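The values are calculated or read from the model by the stated rules, or taken from the named source; none is laboratory data. These figures come from a predicted structure and were not determined experimentally. Neighbour counts are summed over all protein chains in view; Cβ atoms, including those assigned to glycine, are modelled from backbone coordinates with ideal geometry. The area values use the complete protein model at the heavy-atom level, side chains included, leaving out ligands, DNA and RNA. Shrake-Rupley method; radii C 1.70, N 1.55, O 1.52, S 1.80 Å.
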Amino acid sequence: GGESDPPPTAAVTLNTPSDTTLAHTLPHGVGVHHGGLTPTNRELVHRLYMARGIHTLCTAYTLTQGVNLPARHLILTGLRGPRGEPLDPTTFHQLAGRAGRPGLDSHGVVHIILTSDEDEKLAATLTATPAAPLRSRLGEQSPRFYERLAAQLIARGNNTPRRIAQALRHTYYSE
C-alpha cells in the first residue's frame, strides 16, 4: 500500500499492555520503545510494528542498541546520548541507518531537529564524517556461542554444510 494507507491494526491481536502509555497510544497506531518497557510490552511493540499495526514509533536511544525496527522516516530530536554526550559518527550512522525499510523502501529519510548552534555544528560534523568500518567479532566467540549458532542455523533449515556456509555468507562472519 501507499504511505497514506491506514495501518492494519485489526489484523494484529492486541494484548492489553501493562504500560499505561502503550494502553493509550497503541489503539491509535502509535507505539513507544524505551529501556523501561517490560519484555512482554517490548515484544508486543516489536510484533505490532513489524506487522505494520504501528505507524508511528517514538523511541529512545535503544534504537542503536540492537533493536531492528527500520522505518521510512526517522526523526531525531537531538544528537546526544543518554548522558548528554554528543553522538559519535558510528552511533549516528547506526541511528540514521534505521531509515529505509529493506524490501519496502528505495531510501529512507532522516529528519534532525536542531535547537542550538552547537547542535547545528554537530549535525554538520556527523553527516560529513563516515562511520568507522565494521569488524566482525564472531571469530572471537566462545565454543558455547558456536554451539548455539549451529543450533539456530539447523533449526532454520540449514541442515547441510552447503546451506550452513550459504547462511553464514549473509553475516559479518563472511569477512
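When each of 102, 82, 143, 133 is tested for being open to solvent by 70 Å² or more (accessible area, probe 1.4 Å) and farther than 30 Å from residue 165 by Cα, the lone residue that passes is 82.
For every residue, the table says whether it meets (1) out of contact with any strand residue (DSSP E or B) (no Cβ under 9 Å at 6 or more places or on another chain); (2) of a type in the set (Phe, Trp, Tyr); (3) more than 25 Å from residue 90 (Cβ to Cβ); (4) modelled with pLDDT of 80 or more.
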{"residue": "132", "(1), (2), (3), (4)": "yes, no, no, yes"}
{"residue": "148", "(1), (2), (3), (4)": "yes, no, yes, yes"}
{"residue": "154", "(1), (2), (3), (4)": "yes, no, yes, yes"}
{"residue": "169", "(1), (2), (3), (4)": "yes, no, no, no"}
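For the range 105-117, how many residues are open to solvent by 90 Å² or more (accessible area, probe 1.4 Å) and in contact with a strand residue (DSSP E or B) (Cβ under 9 Å, 6 or more places away or on another chain)?
Qualifying residue count for the region: 1.
Scanning the range 134-146 for residues that are at pLDDT 80 or above and charged (D, E, K, R) gives a single hit, 144.
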